[in-house]
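Notes for the one structure printed next.
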Amino acid sequence: MKYVFVFLTFSLLLLGCNKKGNTQPNAASFAFDSTDIKTTPVSNPNESFSLQYNFQKGKDYQYRLTSISDDNRTIKADTTVLQHITQNVTYLLDFSLANVDKDGVMEISCNINSVKLDADANGKKISYQSGTSKDTLEKAKFAEYEALIQNPFSIRLTKDGEILEVFRADKIVSKFLELKGAPSTISADEKDALRKSIVDGALKPMLIQIFRQIPLKQVAKDSSWEFTQPPSQFLIYQLQNTNTYKVMSLDKYNNDRLAVIDAGLKSILTGKDDITNQGVNYKFKKPETTASGKIYFNLDKGCIQKSKTNTLVNVFYTMEMKTPKGNQKGSQTEVIKSSNIVELL
């Protein structure tokens, strides 16, 4: 039996301390703030500084991650079909430093305390909030979220924000299988495949919003750098994404120094524009992508204080197939907007 772990948040991108608690969060806990941080100037805005993650042992760091997506699709054939899906999903996460090895690599324990989902698919509203339902069928329906709650896992993180490993996700795997009523005969290979799907499809997309790679060198205002992501497949194309960053200013927030960083994305798509699949000929116009964002890195706490990134993707293709009545033609246009907001609570 095969299980596919579906992560419902669209994402192409691109410390105050709290004590952990298992109390049910109120509505305010999920209310995100997308506005800029109100900062004040530092005495020397052109001074050099170092960026590095520096979690402190004995401190618990809580983040709120909100992912918002808006997907508009128009399908034209004999008739025109309009599809509109919006989604807002918020995660409350706790992080604590477990260990630091001789090379400075941090082992960090991660716990997802709560998840709240609100979606609208062509007027059909869908809502979910962890910890509010005891109904078995309801939990199974949202198993990809329910399995994450209060099942800690670990990561290995370098000082420059590279996530080397996500591990100890076995409890999440077991909970997901339990919610889905998996038979006891499920094989070890199937469990390993599910674990990989959970790590790559759900956990890493969240973590890379909170831990963005930074350069291990002195930087200052107007310093810039970029990181090239591994190639991936997007539709029929090979996609090569490169995250770009530039320091816009050095400011002060309360008693901490913040590096205000502009974030962007360069995307290169390669490959043929047409493909034939099951007798249907598809011809694509190369998708257009734009991305922008702002990151506030807290130099004194050694972590991201807040960030907001936005992406826009435009996809258009035509399709043609032979039928007994002659050639049938159609087209599809899709516009996907997404935002990710990270807040240190």
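Points worth noting:
- When residues of the range 180-229 are limited to those that are of a type in the set (A, V, I, L, M, F, W, C) and surrounded by fewer than 18 Cβ atoms within 10 Å (Cβ to Cβ), the one nearest to TYR245 (Cα to Cα): TRP225
- Every listed requirement among (1) at pLDDT below 95; (2) of a type in the set (S, T, N, Q); (3) at negative phi is met by GLN238 save one, (1).
- Criterion (of a type in the set (Gly, Ala, Ser) and touching a Phe, Trp or Tyr at 6+ places or on another chain (Cβ under 6 Å)) met by exactly one of ALA291, ALA263: ALA263
- Test: residue in the range 248-268 that is under 21 Å from the mean Cα position of the chain (by Cα) and of a type in the set (Phe, Trp, Tyr): no
- Evaluated against (1) within 17 Å of the chain's Cα centre (by Cα); (2) over 25 Å from THR66 (Cβ atoms), PRO324 falls short on exactly one condition, (1).
- Among the residues of the range 270-282, none qualifies, meaning not one is small (Gly, Ala, Ser) and assigned to a strand (DSSP E or B).
- Annotation: ILE163 fulfils all but one of (1) over 25 Å from ALA182 (Cα atoms); (2) at pLDDT 95 or above; (3) out of contact with any helix residue (DSSP H, G or I) (no Cβ under 8 Å at 6 or more places or on another chain); the unmet one is (3).
- Only one entry in GLN305, GLN332 is surrounded by fewer than 19 Cβ atoms within 10 Å (Cβ to Cβ), in contact with a Phe, Trp or Tyr (Cβ under 9 Å, 6 or more places away or on another chain) and part of a strand (DSSP E or B), namely GLN332.
- Test result for LYS191, basic (Lys, Arg) and either under 30 Å from ASP300 (Cβ atoms) or within 22 Å of the chain's Cα centre (by Cα) (or both): no
- Pair list, Cβ under 9 Å, 6 or more apart: the range 296-320 residue at pLDDT below 95 and polar (S, T, N, Q), other residue buried (at least 18 other Cβ atoms within 10 Å of the Cβ) and assigned to a loop (DSSP other than H, G, I, E, B): none
- Condition met for LYS159 (among the basic types (Lys, Arg) and closer than 22 Å to THR90 by Cα): no
- Criterion (touching a Ser or Thr at 6+ places or on another chain (Cβ under 7 Å), over 18 Å from CYS303 (Cβ atoms) and among the β-branched types (Val, Ile, Thr)) met by exactly one of THR276, THR242: THR242
- Filtered residue count, the range 141-182, keeping only those that are farther than 14 Å from ARG195 by Cβ and either in a loop (DSSP other than H, G, I, E, B) or within 20 Å of the chain's Cα centre (by Cα) (or both): 19
- Complete set of residues in the range 183-213 that are outside any helix (DSSP H, G or I) and either modelled with pLDDT of 95 or more or of a type in the set (D, E, K, R) (or both): PHE211, ARG212
- Qualifying positions in the range 321-345 - of a type in the set (A, V, I, L, M, F, W, C), over 30 Å from PHE95 (Cα atoms) and modelled with pLDDT of 95 or more: VAL335, ILE336
- Among the candidates ASP300, ASP273, the residue that is over 30 Å from PHE95 (Cβ atoms), of a type in the set (Asp, Glu), surrounded by fewer than 16 Cβ atoms within 10 Å (Cβ to Cβ) and more than 18 Å from the chain's Cα centre (by Cα) is uniquely ASP273.
- Filter pass, LYS19 being over 18 Å from CYS303 (Cα atoms), exposed (fewer than 15 other Cβ atoms within 10 Å of the Cβ) and at pLDDT below 95: no
The values are calculated or read from the model by the stated rules, or taken from the named source; none is laboratory data. The structure displayed is predicted, hence computed values, not measured ones. All Cβ positions, glycine included, derive from the backbone under ideal geometry; neighbour counts span all protein chains shown.
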